[in-house]
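Engineer: I have a structure I would like to understand better, so I am pasting it below and will then ask my questions one at a time.
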Amino acid sequence: MTATTDGSTGAATPRAASASRPTEATTTTTTTTTITATTAAGPHEAAARAMHRSTQFLLSRQDAEGWWKGDLETNVTMDAEDLLLRQFLGIRDEATTHAAALFIRGEQREDGTWATFFGGPGELSTTIEAYVALRLAGDRPDEPHMAKASAWVRERGGIASARVFTRIWLALFGWWKWDDLPELPPELIYFPKWVPLNIYDFGCWARQTIVPLTIVSAKRPVRPAPFALDELHTDARDPNPAKPLAPVASWDGVFQRLDKALHVYHKVAPRRLRKAAMNSAARWIIERQENDGCWGGIQPPAVYSVIALHLLGYDLEHPVLKAGLASLDRFAVWREDGARMIEACQSPVWDTCLATIALADAGLPADHPQLVKAADWMLGEQIVRPGDWSVRRPGLTPGGWAFEFHNDNYPDIDDTAEVALALRRVAHPDKARLENAIERGVRWTLGMQSKGGPWAAFDVDNTSPFPNRLPFCDFGEVIDPPSADVTGHVVEMLAVEGRSRDPRTVRGIEWLLAEQEPCGAWFGRWGVNYIYGTGSVVPALVTAGLPASHPAIRRAVSWVESVQNDDGGWGEDLRSYRDRGWVGHGTSTPSQTAWALLALLSAGEREATSVERGIAWLAEAQRADGSWDEPYFTGTGFPWDFSINYHLYRQVFPLTALGRYVNGEPFAPGSAAHPGKGS
């Protein structure tokens, strides 16, 4: 795989910049390429020119099969764990190791640490995993970049302070004791769905990871360590000093004591029961392997599934493991300098539907061959068989779309809504096929509504309070509660499909109105952050028929305008998930500027000064080839804990905003349906 599909390989009042910004040279290059033409033209003319350049750029990035996919950049733990997996399986080779180390070294910060997002602070577990990977690559502990990293790790508590997942990787090589990790029994696979902490109480991404890890936890394997890691402990003689238990009356105290009981159970578990549980977990894993060999289209479950099955005796030439390892290679992005970056996931369905929307809103004819080809590809990706979601909705007919190339077990509601919106913009020659696919997707989406009216990403009512309390779950979200951004996308899709007055849509609208923050914004679960949430919800509410004069819309407009940067753009740092001082604030980015503009344009603010300044910023920031640069991470897997830089966001969202500024909103507010539907 190459990196060509996307065209690129807490302060008190942090208004116009984050703690770390692109170099001055980069900023200068970005802004001076078009600023002369922009300032000489009016905002409408400048927007039209930028829109045309962006359209040509995006069209040139479409795959011959009809899809788009930008790189999905996360952090170096993906690369470090890939090397650790290969070391564990005995298949690590020098070429792969060299390429991975080249990438990992390039991501190290001046203070010796590694961050989880561009411009972010050093993160302990990420730094530990990166350090260990470089040790595997031959970097010596006394080299300056390594000594800086290990000193920083020790200052922050050493390995003992790292998250559980990091310590599991270290335990595989004897660098940490299994007894000092939370217990995860494979008998969990037998819990019925009505019992707390059954596997379906976890979000699908956590579920796919936890099931194989129950096998790993039961087996407790240790491979010979190629070197010691004493330099990463505060005291190598006592690497894990005892910590006091939380009060027994607290939830933390209850689950800590439950974990101690499970450690006792590990020693006395009936062998036949344990063996049967591990075999049941293995069957569960194998049944969910995708046709291309991956699991859920994401890297972490694939890694742990390969380890678990290997521990149960599956050799590396077994078809299941052979396909699994081959799928992991497809997550690799090779860069021009020889570095190898591992994607945690791939986003072709998401990128393709967003690119289709952007091009259509920019004025590309609905019957343009490249739009028709994109629609053909998306139609072929519809999932028509049940997945894990059917555990909670057993009678619901399948019909959703997933995020990735192969992920039939876990279609998601967000992709389904956006694919339907994209297909509705295309004049496909097989109209009946398109209509049937959209209608099936709409029915499935309506059936996935959670209690109270909202929608989550993958499951229904996946809101148990218990999974997040487990000592094992100290990293990221492990449940899938409803969110404003997903619900907004669904409401917009239902409104376009003529269902604004459907009681289920009305309940979604009411939920959104109740979820508005006092400041006027909406929280962004899957994008950073309140700018994303607000940019998702306002267009949905207006399309569903709320007038621009509605108090909720006016509050949102006021908030968006209040956080506009002095340069005319918008940005929001990932720190806003932890620090309210960052809400709506950060260095201006193309994607976040576009989200703010989408909210303002849908609210009827096309002639507002704030909109003209935002459009001017987009036009001035555009590069000569019609693309934009965006090193900042504006997507999330888990808010704060796992951040994503979708490389195509910087192209599709600005084009959508420019298109709507030049051509107007794609659908009339409160319209019964797309003008072409049923005609």
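The values are calculated or read from the model by the stated rules, or taken from the named source; none is laboratory data. All of these numbers come straight from a predicted model, not from anything done at the bench. Cβ placement follows ideal geometry from the backbone for every residue including glycine, while neighbour counts extend to all protein chains displayed.
Engineer: Given the structure, is LEU541 crowded, with 24+ Cβ neighbours inside 10 Å and of a type in the set (A, V, I, L, M, F, W, C)?
Structural biologist: Values: crowded, with 24+ Cβ neighbours inside 10 Å: yes; of a type in the set (A, V, I, L, M, F, W, C): yes.
Criteria met by LEU541.
Engineer: Being out of contact with any strand residue (DSSP E or B) (no Cβ under 8 Å at 6 or more places or on another chain), in a loop (DSSP other than H, G, I, E, B) and charged (D, E, K, R) is the filter; apply it to region 270-292 and report the residue that is surrounded by the most Cβ atoms within 10 Å (Cβ to Cβ).
Structural biologist: At the first step, the residues of region 270-292 found to be out of contact with any strand residue (DSSP E or B) (no Cβ under 8 Å at 6 or more places or on another chain) are 270-284, 286-287, 290-292.
Then keep just the ones that are in a loop (DSSP other than H, G, I, E, B); that gives 270, 290-292.
Filter once more, so that each one left must be charged (D, E, K, R): 290, 292.
Values: GLU290: 21, ASP292: 15.
Only one residue fits best here, namely GLU290.
Engineer: So, in region 232-254, exactly how many residues are within 14 Å of SER161 (Cα to Cα) and of a type outside the set (A, V, I, L, M, F, W, C)?
Structural biologist: Final tally of qualifying residues: 8.
So that you can scan it fast, the table gives a plain yes or no per residue for (1) farther than 17 Å from TRP251 by Cα; (2) modelled with pLDDT of 95 or more; (3) surrounded by fewer than 24 Cβ atoms within 10 Å (Cβ to Cβ):
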site	(1), (2), (3)
ASP459	yes, yes, no
SER464	no, no, yes
PRO467	no, no, yes
LEU470	no, no, yes
PHE475	yes, no, yes
GLY488	yes, yes, no
VAL491	yes, yes, no
LEU494	yes, yes, no
ASP502	yes, yes, yes
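Engineer: Another one. Collect the residues in region 211-269 that are of a type in the set (Val, Ile, Thr) and in the same structural domain as THR126 (by TED's automatic domain parsing), keeping them in residue-number order. Explain how you work it out, then say what you get.
Structural biologist: Of the residues in region 211-269, the ones of a type in the set (Val, Ile, Thr) are 211, 214-216, 222, 234, 248, 254, 264, 268.
Within region 211-269, VAL211, THR214, ILE215, VAL216, VAL222, THR234, VAL264, VAL268 meet the criteria.
Engineer: Mind listing whichever residues of region 384-425 are farther than 22 Å from TRP526 by Cα and of a type in the set (A, V, I, L, M, F, W, C)?
Structural biologist: Those that are farther than 22 Å from TRP526 by Cα and of a type in the set (A, V, I, L, M, F, W, C): VAL384, VAL391, LEU396, LEU423.
Engineer: Out of LEU124, LEU83, LEU89, which single residue is within 28 Å of VAL216 (Cβ to Cβ), among the hydrophobic types (A, V, I, L, M, F, W, C) and either surrounded by fewer than 20 Cβ atoms within 10 Å (Cβ to Cβ) or in contact with a strand residue (DSSP E or B) (Cβ under 6 Å, 6 or more places away or on another chain) (or both)? So that I can check it myself, show each step before the final result.
Structural biologist: On the way: LEU124 fails: either surrounded by fewer than 20 Cβ atoms within 10 Å (Cβ to Cβ) or in contact with a strand residue (DSSP E or B) (Cβ under 6 Å, 6 or more places away or on another chain) (or both); LEU83 fails: either surrounded by fewer than 20 Cβ atoms within 10 Å (Cβ to Cβ) or in contact with a strand residue (DSSP E or B) (Cβ under 6 Å, 6 or more places away or on another chain) (or both).
Matching residue, one of LEU124, LEU83, LEU89: LEU89.
Engineer: So which residues in region 194-244 are basic (Lys, Arg) and within 27 Å of the chain's Cα centre (by Cα)?
Structural biologist: ARG207
Engineer: Say we look at region 610-646 and pick out the residues that are among the hydrophobic types (A, V, I, L, M, F, W, C), within 16 Å of the chain's Cα centre (by Cα) and assigned to a loop (DSSP other than H, G, I, E, B); which of these is farthest from PHE523 (Cα to Cα)?
Structural biologist: The first filter runs over region 610-646 and keeps only residues among the hydrophobic types (A, V, I, L, M, F, W, C), leaving 611, 615-619, 621, 624, 628, 633, 638, 640, 642, 644.
Applying the additional criterion that residues be within 16 Å of the chain's Cα centre (by Cα) yields 633, 638, 640, 642, 644.
Those still in the list that are assigned to a loop (DSSP other than H, G, I, E, B) too: 633, 640.
Details: PHE633: 17, TRP640: 13 Å.
Among them, the one singled out is PHE633.
Engineer: Right, something else. Residue by residue through region 255-269, note down the ones that are hydrophobic (A, V, I, L, M, F, W, C) and surrounded by 15 or more Cβ atoms within 10 Å (Cβ to Cβ). It would help to see each step written out before you state the result.
Structural biologist: Looking only at region 255-269, we keep the residues that are hydrophobic (A, V, I, L, M, F, W, C), and these are 255, 258, 261-262, 264, 268-269.
Matches in region 255-269: PHE255, LEU258, LEU262, ALA269.
Engineer: In region 180-213, which residues are under 23 Å from ALA456 (Cβ atoms) and of a type in the set (Ser, Thr, Tyr)?
Structural biologist: TYR200, THR209
Engineer: Conditions first: (1) surrounded by fewer than 20 Cβ atoms within 10 Å (Cβ to Cβ); (2) at pLDDT 95 or above. GLU336 passes all but one, so which condition is the exception?
Structural biologist: All conditions pass for GLU336, except number (2).
Engineer: Looking only at helices (runs of 4 or more DSSP H) that lie completely in region 477-555, which have at least 3 residues being of a type in the set (A, V, I, L, M, F, W, C), closer than 25 Å to ASN462 by Cβ and in contact with a Lys or Arg (Cβ under 6 Å, 6 or more places away or on another chain)? Talk me through it step by step, then tell me what you get.
Structural biologist: Numbers: elements: 484-496, 503-515, 530-543.
So the answer is none; nothing clears 3.
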